[in-house]
Each structure stands twice: as structure tokens, then as C-alpha cells.
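The block underneath contains the structure these notes are about, expressed in C-alpha cells.
The values are calculated or read from the model by the stated rules, or taken from the named source; none is laboratory data. Only a predicted model underlies this, so the values are computations on that prediction, with no experimental measurement involved. Methodologically, a virtual Cβ is constructed for each residue, glycine included, from the backbone with ideal geometry; neighbour enumeration extends over all protein chains shown. For accessibility, only protein heavy atoms count, side chains too; no ligands or nucleic acids. Shrake-Rupley method; radii C 1.70, N 1.55, O 1.52, S 1.80 Å.
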Amino acid sequence: MAVVDASRPPNPSRPALSDHLRRLESESIEIIREVAAGFDNPVMLYSIGKDSGVMLHLAVKAFYPSKPPFPLLHVDTTWKFQDMIRHRDTIAEQYGVKLLVHTNEEGLARGINPIASGSSLHTQVMKTEGLKQALDKYGFDAAFGGARRDEEKSRAKERIFSFRSAGHVWDPRNQRPELWRLYNTRVNKGETIRVFPLSNWTELDIWEYTRAEGIAVVPLYFAAPRPVVERDGMLIMRDDERMPLLPGEVEETRWVRFRSLGCYPLSAAVESRATSLDDIIGEMRASRTSERQGRLIDVDESASMEKKKREGYF
Amino acid sequence: MDGALIEETQAQTEAPAAAQKGLLRFLTCGSVDDGKSTLIGRLLYDSKLILDDHLAALERDSARHGTTGEELDLALLVDGLEAERQQGITIDVAYRFFTTDKRAFIVADTPGHEQYTRNMATGASNADLAVILIDARKGVLTQTRRHSYICSLLGVRHLVLAVNKIDLADYDQAVFDQIVADYRAFAETLGFASITPVPMSARHGDNVTTRSAHTPWYAGPTLLEHLESIDVESDAAARPFRFPVQWVNRPNLDFRGFSGTIASGTVRPGDRIVVAASGRQSAVTRIVTYDGDLAEARAGQAVTLTLADEVDIARGDLLAPPTDRPEVADQFAAHLIWMGDEPLLPGRPYLMRIGTRYVPVRVTTLKHKVDVDTLDHLAARTLSLNEIGLCNLSTASPVAFDSYADNRETGAFILIDRYTNATVGAGMIAFGLRRAANIHRQAMLVSRADHERMAGHKPATLWFTGLSGSGKSTIANLVERKLHERGVRTFLLDGDNVRHGLNRDLGFSDADRVENVRRVGEVARLFVEAGVVVLCSFISPFRAERRMVRELFAEGEFFEVFVDTTLEDCIARDPKGLYGKALDGKIANFTGVSSPYEPPEHAELILATPALSPDQAADAVIDELERRGRI
């Protein structure tokens with residue numbers, strides 16, 4: 001267990017959380033503690049996004065004055081925005097938690113990338129396979145993910161403790177009933193649990209909590225003039241030279257921000273002037289589209305999330 | 001309803017008003033095709049919480065899977081999984097979130113399909129209110145009764161009776177009144193605090209979020225108005241303090257805290273507490289959180305407590321006020337909802353999770369099962385998937401609890417299968433059994449150590465398991481003779497012999513086999529306490545029961561000896577002529593032939609015959625006892 005700051009002073013300058021956020025916070029802390037107490041070797045998946053940021057913050061709160069008794073794991077596809085990687089390294093250091101980074105080297109060697117291979121193969125190999133490799137490599141028996149039930153239809157049916165049989169298989173028909181808050185943390189060797197402490201949070205809750213708690217987020221969530229190209233009706237940011245322009249495409253600078261962050265050529269930006277958390281929350285309340293709308297990997301067909309999950313995607 | 005919604009009003013206001021209102025968790029239940037999913041879709045749609053890209057997907061899907069022709073099929077908004085969408089039924093619990101300017105809601109959409117009672121119970125376990133859907137054309141159905149009973153059993157206090165598809169009954173008040181009267185007559189005994197009937201059409205939106213012009217005779221609230229205004233604030237904070245210790249927070253030698261979520265009541269520094277199971281007392285010194293120490297914490301808050309004294313406390317303990325303690329017992333009566341594919345076997349050990357504690361448990365008596373359609377009590381020997389019964393349970397060690405009626409948090413438990421780890425049951429404790437409260441263990445003047453000293457060796461149980469005719473008794477007899485010759489005190493319990501006396505009342509059904517092994521295990525334990533090496537020769541075909549016996553003993557006292565003879569060899573040998581009869585169908589439930597044998601996974605010793613002669617096998621057992629320091 002890491003060093004402790006047992007004398008951390010309260011922060012009276014921060015406004016009190018609303019009852020609603022306080023309740024969500026307590027529920028998530030209970031779930032996170034349950035995993036630390038009930039499993040031998042848990043890990044927290046850290047995707048660098050706003051949800052991961054809240055989840056990590058909750059973990060730090062859950063164990064205070066101890067440090068979270070598990071490492072963070074980032075599955076790096078090598079196609080994350082540069083801002084994201086910078087943020088990741090700063091945060092790990094700031095919170096004093098151990099960060100593991102795993103890349104599917106085999107996929108990299110095969111030359112898998114989102115531009116030439118297409119979004120679905122890239123996601124399958126670099127994210128899903130990469131994740132399974134890392135879980136096997138370290139022998140983790142439980143992995144936290146920041147998914148929320150309000151994100152997508154098949155997520156709405158997901159358990160908080162989601163059972164995966166050996167080989168990381170998610171069978172929606174073979175999930176354990178989850179009654180009260182009596183989570184079943186028992187697994188046999190080779191079986192694992194994915195745990196979603198933010199299940200009952202909404203996107204708006206995440207932003208309001210981020211603001212209330214002063215949690216740092218990747219600057220890409222805030223609007224700024226950025227180089228983008230318009231492709232299939234979506235605004236794609238060119239984060240580096242690896243993304244070639246198609247005939248007729250022009251790179252232009254527009255005020256954009258991201259609602260959801262994934263691999264950079266697969267995450268579309270939205271036009272926005274929201275440069276602060278207050279702006280983002282105001283924009284969200286007026287919004288008429290879901291955050292995953294900008295995720296190119298979801299649009300193939302509406303059941304695509306369920307398919308990816310069966311394959312082991314988070 | 002117009003203008004009542006978050007994105008319309010709150011986008012202009014600074015503080016999110018909804019965030020300050022109490023959350024309402026409710027579930028919807030009803031029979032297949034009563035329109036549950038449509039109702040939730042309607043709530044989301046009318047609340048303008050369906051976002052543009054979801055609406056576009058809905059339009060695509062309505063054309064492909066929809067059942068409403070040209071109209072949007074709102075049910076498709078919530079029927080999440082691909083498989084069930086194609087079958088047109090909801091097969092699992094889905095959670096939906098919506099917020100109006102008055103309140104935040106979490107809706108559990110639970111299936112109406114008969115075989116999925118367990119999902120409904122799951123949804124009900126965390127709900128404050130239930131919306132029971134009734135098809136106006138069909139009235140109160142068997143499943144309406146079933147779902148109402150489950151809600152009542154799980155402690156849901158408030159009901160909305162949604163008489164749906166009223167449009168298809170010509171908006172007829174007489175139809176509505178009759179259904180309400182029927183339902184009230186049925187639900188009288190179920191103890192709901194409120195029942196609010198609403199005539200509605202989820203498909204067309206009548207009385208869901210807006211008042212219907214078609215039901216001028218109805219003066220009550222719309223569904224949403226009712227949901228927004230009902231007071232379900234539980235009295236969790238007013239009940240006695242209960243704190244299940246979840247995790248011991250020990251960052252260094254100077255800090256020792258107990259982390260957990262307050263199940264009920266409130267706590268302040270200075271409050272006296274007792275560890276329910278051990279009776280040890282102390283006082284709370286600090287309520288520690290990341291945001292600073294608190295002067296008070298109440299039900300639902302996740303905190304870390306420090307205490308004035310060094311008290312032995314671990315995960316699973318329950319802290320309570322010394323003046324208002326929970327019951328502590330190892331035997332109690334509880335309602336049990338069976339959720340496993342394999343039926344409940346009384347006598348078989350399961351794992352119980354209650355609060356933050358896991359403890360081995362057996363159902364000792366199944367008093368009756370409940371016919372959920374008539375609420376009649378029926379005699380039963382087992383519970384199958386989706387059946388509900390009242391049982392007596394016995395835990396391996398005493399646990400702290402309140403009755404479920406007094407406290408949903410400390411009176412609920414789940415049962416877990418010890419091999420698959422599946423959640424197979426959900427229980428609600430009715431009351432502790434006086435037997436446990438009044439029978440205390442007698443302290444002995446001659447201790448176990450005294451017995452061992454006199455014997456000059458350590459006791460042990462050698463548990464020989466294997467198929468009938470595998471050679472268990474032969475080997476066990478040889479081992480006993482060799483031990484006897486060395487001056488070791490022994491006793492042999494043989495399966496056939498025991499069935500002539502102690503267990504003469506038991507047959508060969510699965511339930512009786514379990515009880516047979518349990519009794520023998522207890523007898524062996526008495527001998528071990530007397531310092532004896534006990535040899536038990538029993539087919540004992542089920543892993544679960546062998547594990548139950550193993551857990552009666554301390555580490556190192558129990559030796560599972562697997563006499564590993566193939567079925568073919570046993571049949572060829574057939575010393576008692578039993579295989580011949582069994583293969584002819586003259587003996588029912590014969591292990592290896594018509595009843596399974598589950599070989600051990602972690603036996604201390606495996607004796608492979610006929611590779612080993614009986615004498616060599618016996619020597620191997622003696623060697624193992626020596627190697628482990630028992631003799």
C-alpha cells in the first residue's frame with residue numbers, strides 16, 4: 001500500500017454536492033470498495049475520458065486515507081489524441097497511482113490501423129484483443145470500466161457486476177441476478193468480472209460532478225480552433241499526419257470540441273464555443289443528440305454494441 | 001407536462017432543480033404484451049428525452065422489427081438486446097433514466113414472461129414503487145397477482161395500477177372501475193401503503209404525461225404527475241444504526257478505519273457501538289472522508305469510521321448501537337425465491353451473502369412453497385426456478401440480521417452455488433428461531449488438547465470416497481488394522497453399517513444422500529474431538545456434500561481419499577451383485593449407473609486401483625498421515 005496523507009484538510013471552498021450527486025457518489029464508492037475487498041487482483045480500466053476521470057476520482061475517495069489498492073490500465077491503440085496521452089501521464093502522477101499501459105504489439109506488427117483496416121477491425125484487434133491480452137497477462141480477476149447504462153440500449157441491461165466466463169465471453173443470457181446491493185463477487189479460476197461503478201450516472205451527472213469536484217479533463221472536451229475535415233457529415237480532427245485527406249477534402253480550422261473521446265480518426269468533433277465546464281453543461285442541457293453519436297464505431301448497425309460486447313469489448 | 005422538462009427549463013437556470021429532489025426508483029411489471037416497454041418508451045418520448053440520433057435509429061428499427069405499422073414502435077426504444085428484439089419479448093431487466101424538473105427517475109423495466117420471475121424480483125429489490133400494467137381488455141390475470149405478490153414480498157410499498165389500452169376498451173369507465181375493484185379485492189392482504197389506479201393508453205399517450213380528453217370521468221393524476229409527487233422517502237435514517245464493515249482501511253500503523261456504507265440510522269463521533277456477532281463494544285472517534293471528517297453521517301453514505309479501542313473487527317461484521325442490537329443467530333426462517341436452474345436441495349450447503357459477509361448455509365426445512373397465483377401454501381420437498389417458499393436455514397456460524405420487514409438492508413440475503421458461483425436464491429429473513437437463541441454451547445472442562453495428549457497422536461478424519469465396489473471399505477479396513485497395530489485410536493464408520501442404525505430412516509434420493517453424509521460428518525467430528533482417527537467409507541457422490549463435511553474440521557484434520565477405480569472395473573468386480581441389478585433397472589438412483597458421481601478436484605490422496613494393491617493403498621494412506629504429522 002502506498003504512502004498516505006492522513007492529514008488531508010477538508011476543502012471548505014468547494015460547494016456541497018447536491019443530494020443527487022452525493023447519492024451517486026456513495027453508491028459508486030460502495031461498488032469500488034466491494035471489488036477491492038472481494039477480489040484478489042482487480043484493475044481499473046482507464047480510458048482517459050471524462051468517465052474514467054470521475055471513476056478514478058471516486059476510487060481515490062473510496063480508500064482515503066489509503067491509496068486505491070489496484071493499478072490503472074490503459075489499452076493504448078497508438079491512435080489516441082496526443083492531448084489524451086499527456087493527460088493520462090499527468091493524472092497518474094498527480095493521483096499517485098500505478099499506471100499500466102498495454103498495446104497489442106501483434107496487431108501493430110500486422111499493420112492494423114483505423115485508416116487502412118477500417119474502424120471495426122481496428123477496434124476489434126487493438127482495443128478488444130488488446131484488452132483481453134492485458135487482462136490475461138496480469139491475471140486480473142476483476143476490471144472496472146466507466147460505462148454507463150444511459151449510453152446505449154444494450155448497456156441499459158448490463159449488470160453492475162458483469163460476469164465473463166473463461167476467455168472473457170459475455171453471455172447476456174447467463175448473467176447473475178443482482179438484488180439489493182448484495183453483489184456476488186465469487187468467481188472460479190479463469191472467470192472474471194467487469195464492474196461498472198458508474199452504471200447509474202448520466203452524462204449530465206458526470207459533467208456536474210466533474211465541475212463540483214474540480215476534476216481535470218482532457219482539453220479536447222473544451223472548444224478551441226482545431227484542424228478538421230468534414231467526412232460523411234462528421235467533423236474529424238487531424239491530430240497528426242497519419243490521416244490522409246481524401247480527394248476533395250480540405251483541412252480547415254473550426255471551433256470544435258469532443259463529447260466523447262476514442263481513437264482520433266474515429267471520434268467526430270462537434271462545432272461548439274463551449275470553453276468552460278459551465279458552457280459544456282449548458283450546451284448539454286440543450287442538446288438533442290447522444291454522446292455516442294460521434295463514435296463512428298457504433299453506427300454500423302444498432303446492435304453493434306452488443307456484438308462488440310460479446311466479443312469482449314468493454 | 002409541457003415546459004416541465006429539464007432541457008427546456010433548466011438550460012436557462014443556473015441550479016439544476018431536479019438534482020435537489022428525491023430520486024424515485026420504480027419498476028414496471030405486467031404480462032406479456034401489456035405494453036410495459038411501450039409505456040417507458042412513451043415516458044421517455046413525451047419527456048423529450050429521446051435524442052435525435054436515437055429517434056433516427058428508432059425509425060429505422062420500427063420499419064424492420066416494429067409491430068405498429070407506420071407509427072413509431074416506442075417499445076423498441078427500450079427492448080435492448082438483439083436476440084429479444086427479434087423475438088419481440090423483453091428478457092431481462094433494463095434500467096432507464098429520465099429527469100423532469102421535479103424529480104430524477106430510474107426505471108427498471110422487468111419482463112412479464114412467466115419464467116422470468118427472478119428478473120422481476122431483481123428489479124423490485126431496489127424499487128420504491130411499482131407500476132403494475134393491466135390490459136383493459138383482459139383485466140386482472142394470474143401474472144398480475146404473481147407480480148403483485150412479488151412486489152409485496154420484496155417490500156415495495158407503493159403501487160400504481162396502470163389500466164392500459166383503455167382506448168381498446170372504448171375509454172369505458174365501467175371497465176376501469178371493475179378492474180380496480182377486482183384488483184383491490186385481491187391486493188387487500190398484501191399490505192401496500194398506497195394503490196393508485198390510472199386509466200391510460202401508453203401507445204397514444206392518454207394520461208401518461210398529459211391528461212386525456214377521452215377520460216373525462218377520471219379526476220386523478222396522470223401517471224407522471226403521480227410519480228413526480230408521491231412521497232416514498234423511506235425512514236432509513238430513523239431506524240437503528242447499522243453499519244456492515246466492507247473493508248478495513250489500514251494504510252499504516254497509525255490509522256485503522258472501517259469502511260462501509262451506512263445501511264440505516266445515523267452515527268456521530270462519540271456514539272457507542274457494538275460488534276453484533278462478538279458483543280465487543282467501543283465508541284466512534286471519527287467519521288473520515290476524503291472531504292474531511294463529518295459531524296454526522298446517515299443511511300446511504302459511504303464513510304470510514306475509526307474507533308476508540310483496538311477491537312477485533314473484519315469485513316463482514318455488523319456494527320450497531322449496544323442499546324438497539326440486531327438479532328444474532330445461526331438458525332432463522334426466511335422467504336426464499338429460487339433463481340437457479342438446478343432446484344434447491346434441502347441439506348445441501350450453499351454460500352449465503354448477507355450484508356458484507358459470506359457464510360456457508362443449509363436449508364434445514366422447507367416449510368411450504370407458495371402458490372403465487374392463489375397465495376396458498378403447498379407442501380414441497382424442493383424449490384424449482386422461480387418458485388417461492390418459506391424455509392428454515394442454518395448457517396455455519398451465527399450471523400447478525402434484522403427481519404426484512406424491519407430493515408431491507410440487513411434482512412436480505414442471496415444464496416450462491418458453491419461450485420458454479422451462480423446466484424441461485426434471494427432471501428428475506430422473517431424471524432430468528434428461538435432454538436438458536438436459547439441453546440448455548442456448553443464449555444467443556446476436558447479440552448480437546450487434553451484428549452490429544454492422552455491419545456499421543458493427533459486426530460483426523462480419513463474420508464474414503466469412490467464408486468460402489470471401488471474398494472473403499474477393503475482399504476479402510478486395512479488402514480484401520482495397521483493403525484490399530486501402531487497404537488493409534490481409531491474408529492471406522494461404514495456407509496452400509498450406518499444405514500442400519502443412525503441413518504435407517506434415509507433412502508437414496510439426492511436429498512437423503514445429502515442428509516446421510518451430513519450426519520456421518522457430524523458423528524466423525526465428535527470422534528475427532530475425542531482425539532480419534534476416524535475412517536469413513538462412503539460413496540458420497542457429490543462434491544458439495546464432501547466439501548460440507550470438510551468444513552466441519554480444522555485445517556489439516558480432514559483427508560479426502562479418492563479410491564479411483566473405473567466404472568468398468570467396478571462393474572466387472574461387482575462384489576455385492578449390485579451393478580447387475582442396477583443395470584437391469586432393479587435399483588433406482590444407483591451411483592455410476594443412474595445417479596452421477598462427481599470425482600474430487602482437490603483430494604489429499606488419490607488411490608488408483610487396481611494399479612495399487614489394497615495393501616499398497618493402505619500403506620500410502622499411513623504414509624500420508626505420517627507426512628502430515630498426524631501420527
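Here is the tail figure for the protein assembly as shown: Cα pairs spaced more than 41 Å apart come to 46 percent of all pairs. Qualifying GluC sites (Glu not before Pro) in region B:183-268, where qualification requires a DSSP coil assignment and no more than 13 other C-beta atoms within 10 Å, comprise B:E233.
Under Stokes-Einstein, with the Kirkwood radius over Cα pairs as Rh, the value for chain A at 37 °C and 0.692 mPa s is 161 µm²/s. In this simple spin-label model, placing a label point 7 Å from the Cα along the Cα-to-Cβ direction at both B:L567 and B:R137 gives a separation of 5.3 nm. In the structure shown, the pairs A:K67/A:K132; B:K472/B:K581; B:K165/B:K369; B:K472/B:K586; A:K61/A:K157 are assessed against 30 Å; a Cα-Cα span above that value is assigned to B:K165/B:K369.
Ignoring aspartates and glutamates fewer than eight residues from B:K138 along the same chain, the ones with Cα atoms less than 20 angstrom from its Cα are B:D33, B:D34, B:E114, B:D167, B:D170, B:D172, B:D177, B:D182, B:D206, B:D373. For region B:176-265, a Kirkwood hydrodynamic radius built from all Cα pairs, placed in the Stokes-Einstein relation at 37 °C and 0.692 mPa s, yields a translational diffusion coefficient of 186 µm²/s. When Rg and the Kirkwood radius Rh are both evaluated on Cα atoms of chain B, their ratio Rg/Rh stands at 1.06. Here the scattering of region B:243-320 is modelled by Debye summation over its C-alpha atoms, one equal scatterer each and no solvent; at q = 0.26 Å⁻¹ the log10 of I(q)/I(0) is -1.48. Modelled spin-label separation between A:N188 and B:A554, with each label point placed 7 Å from Cα along the Cα-to-Cβ direction: 3.2 nm. When shorter helices are ignored and each DSSP H run of at least 4 residues is given -39500 (n - 2.57), the per-residue value for chain A at 222 nm works out to -9000 deg cm²/dmol.
Mean-square fluctuation check for chain A, GNM, Cα pairs under 10 Å: which of A:L45, A:L245, A:L73 is largest? Of A:L45, A:L245, A:L73, the Gaussian network model singles out A:L245 as fluctuating most. Between A:Q82, A:Q133, A:Q94, the Gaussian network model of chain A with springs among Cα atoms under 10 angstrom shows the greatest mean-square fluctuation at A:Q94.
Between the C-alpha center of region A:210-288 and that of region B:498-564 there is a gap of 67 Å. Ellipticity at 222 nm from helices only: DSSP H runs of n ≥ 4 in chain B, each -39500 (n - 2.57), divided by the residue count, give -7500 deg cm²/dmol. Here the accessible area of the protein assembly as shown is 50 percent carbon and sulfur, with a 1.4 angstrom probe and all protein chains present. Accessible surface area normalised per residue over region B:243-320 is 38 Å², counting heavy atoms of protein chains with a 1.4 Å rolling probe.
Using every pair of distinct Cα positions in region A:219-298, the Kirkwood expression returns a hydrodynamic radius of 13.0 angstrom. For region B:392-435, chymotrypsin sites (Phe, Trp or Tyr not before Pro) meeting the loop criterion (DSSP other than H, G, I, E, B) and having at most 14 other Cβ atoms within 10 Å: B:Y419. Only alpha carbons enter this Debye calculation for region A:120-184, each as an equal point scatterer, and the log10 of I(q)/I(0) it gives at q = 0.12, 0.21, 0.25, 0.27 Å⁻¹ is -0.37, -1.11, -1.35, -1.38.
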